[in-house]
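Remarks on the structure that follows.
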Amino acid sequence: MELQEELLKHKLLKFLVFHTYNKGYLSSFFHELSAKLVQREHNVVSFSWKGSVSEREKDGVRVIIKRKQGYLVNYRNVYQIIKKEKPDVVLSNFSYANPALLFGKLFGVKKNLVWFHSLNEQLESSKTQIFIKKQFLKLANKVIANSFLTKTELHELYGVQKQKTQAIPFWSNISEQKLMPSELKFKTVSQIIKIGCPGRITDDKNQHIIIETISQLKSENNYDFHLYIAGVGNALSKLKKKVQYLDLIDQVTFLGQLSANEMLTFYNQMDVVVLPSLHEAFGLVFIEAISLGTPVVVSSQFGALSFIKNKNETFSNVTFNPNSVKDLKEKLIPYLEKKGLPKMYFKKLYQDNFNKNMIFKMFLESIEIK
């Protein structure tokens with residue numbers, strides 16, 4: 001019995017998780033992942049750069065926040081935290097990845113992991129940046145991709161060996177969030193179909209296609225709808241000019257940047273959400289919406305779609321070609337006629353493909369923890 005307990009004790013690991021700690025849903029994912037590891041009696045430290053300095057414990061996870069400064073100071077902070085904590089496992093992403101990989105290797109971390117999030121079309125990396133990233137990724141024991149699209153790019157662009165990669169999706173806990181009162185205002189007339197489009201407003205997010213689509217719908221049919229665009233970005237003024245040029249001011253409202261609670265309100269209020277990105281490594285907005293049962297019409301270029309099993313004829317009504325106004329229009333019309341797919345279809349789509357227990361198990365297996 002004592003031998004079994006000792007063997008079990010040896011399986012317990014110390015994790016050092018590098019991610020930006022904030023109120024965003026991606027941050028919530030990494031915190032909840034960390035909390036689940038703590039529930040299995042692993043020791044977890046979370047490290048983040050922000051505008052202030054603090055240290056606290058939440059859900060058993062020790063959260064250490066250092067002030068984000070210049071390149072050298074940031075690297076020194078990563079060096080110091082790995083040296084001090086002596087983790088068995090380092091998990092990093094985004095701008096934390098390079099220093100975490102470098103100093104993790106230096107201090108002999110047993111499992112040096114990166115969670116890779118972005119496609120090169122989104123990063124627009126130079127050849128030099130790609131070369132540098134290649135060298136750092138060589139230091140990883142495993143690279144987790146947030147979709148099969150990202151996994152393929154890791155092989156083809158960054159030269160990461162296939163046996164060192166695994167595709168694991170995110171989950172969303174937005175459905176567990178308590179809805180607080182919000183000052184957001186939407187059309188209350190029941191016959192008006194509310195169409196939502198959330199996300200950064202950039203050319204790559206492709207919001208212009210939904211403007212063109214509703215312009216055609218307005219001229220060709222007698223549908224009663226209103227489009228709500230949530231977000232900010234460098235293409236906002238151009239998009240507003242397009243709305244004005246196409247005489248859609250009465251059919252479109254720009255909501256600006258929404259808080260986490262306001263996003264929950266937004267999803268709950270929409271009759272259908274359109275996600276038109278030209279490139280999306282994963283697409284958290286997609287799984288946030290479907291976890292709440294909000295009907296979605298999503299670009300076929302979303303990486304999250306690569307995890308969906310049983311893509312049958314019904315599912316084909318969920319996706320569209322982000323370069324085709326005709327395709328988007330055909331997928332939207334059933335909702336404008338109140339004949340779209342029901343909320344329960346989308347909730348089941350989420351549960352079948354992005355269940356957090358299933359994803360957590362995939363993560364444990366990827367680092368060979370049972």
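Summary table
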item: Of all residues making up region 234-252, the number that are under 28 Å from the mean Cα position of the chain (by Cα), surrounded by fewer than 16 Cβ atoms within 10 Å (Cβ to Cβ) and part of a loop (DSSP other than H, G, I, E, B); result: 1
item: Any hit, region 269-282, residues being in contact with a Gly (Cβ under 6 Å, 6 or more places away or on another chain), at pLDDT below 95 and among the small types (Gly, Ala, Ser); result: yes
item: Any chance Phe266 is under 17 Å from Asp203 (Cβ atoms) and either free of Cβ contacts under 8 Å to residues at least 40 places away in the same chain or not assigned by TED's automatic domain parsing to the domain that holds Ser28 (or both); result: no
item: Pairs where the first residue, in region 353-370, is not assigned by TED's automatic domain parsing to the domain that holds Gln163 and at pLDDT below 95 and the second is in a helix (DSSP H, G or I) and surrounded by 14 or more Cβ atoms within 10 Å (Cβ to Cβ), C-beta under 6 Å, 6+ apart; result: none
item: Selection count, region 333-347, where residues are in contact with a helix residue (DSSP H, G or I) (Cβ under 9 Å, 6 or more places away or on another chain) and under 17 Å from Asn222 (Cα atoms); result: 4
item: Residue list for region 99-134, filter: in a loop (DSSP other than H, G, I, E, B) and among the basic types (Lys, Arg); result: Lys110
item: Unique residue being closer than 24 Å to Val78 by Cα, in contact with a Ser or Thr (Cβ under 9 Å, 6 or more places away or on another chain), surrounded by fewer than 21 Cβ atoms within 10 Å (Cβ to Cβ) and not polar (S, T, N, Q) when the list is Lys142, Lys111; result: Lys142
item: Condition met for Thr314 (crowded, with 19+ Cβ neighbours inside 10 Å, farther than 23 Å from Lys185 by Cβ and β-branched (Val, Ile, Thr)); result: no
item: Every residue from region 111-160 that is charged (D, E, K, R) and over 22 Å from Ile287 (Cβ atoms); result: Lys111, Glu124, Lys127, Lys133, Lys134, Lys138, Lys142, Glu156
item: Any hit, region 258-271, residues being farther than 23 Å from Pro181 by Cβ and of a type outside the set (D, E, K, R); result: no
item: Output for region 271-300, where each listed residue is in contact with a Ser or Thr (Cβ under 6 Å, 6 or more places away or on another chain) and either free of Cβ contacts under 8 Å to residues at least 40 places away in the same chain or in a loop (DSSP other than H, G, I, E, B) (or both); result: Pro276, Ser277, Ala281, Phe282, Leu292, Val298, Ser300
item: Which listed residue, of Gln216, Gln257, Gln163, is surrounded by fewer than 17 Cβ atoms within 10 Å (Cβ to Cβ), at pLDDT 90 or above and not assigned by TED's automatic domain parsing to the domain that holds Asn321; result: Gln163
item: Residue list for region 204-239, restricted to those being closer than 21 Å to Met270 by Cα and among the basic types (Lys, Arg); result: Lys205, Lys218
item: Any hit, region 171-181, residues being touching a strand residue (DSSP E or B) at 6+ places or on another chain (Cβ under 9 Å) and either crowded, with 21+ Cβ neighbours inside 10 Å or farther than 30 Å from Asn112 by Cα (or both); result: no
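Matching residues to (1) closer than 30 Å to Ser28 by Cα; (2) touching a Ser or Thr at 6+ places or on another chain (Cβ under 7 Å); (3) among the polar types (S, T, N, Q):
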position: Val160; (1), (2), (3): yes, no, no
position: Ala167; (1), (2), (3): yes, yes, no
position: Phe170; (1), (2), (3): yes, no, no
position: Thr188; (1), (2), (3): no, no, yes
position: Lys205; (1), (2), (3): yes, yes, no
position: Ile211; (1), (2), (3): no, no, no
position: Tyr223; (1), (2), (3): no, no, no
position: Lys241; (1), (2), (3): no, no, no
position: Leu246; (1), (2), (3): no, yes, no
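The values are calculated or read from the model by the stated rules, or taken from the named source; none is laboratory data. Bear in mind that the values here come from a model prediction, so they are computed numbers and not experimental data. Note that each Cβ is placed from the backbone with ideal geometry, even for glycine, and that neighbours are counted across all protein chains shown.
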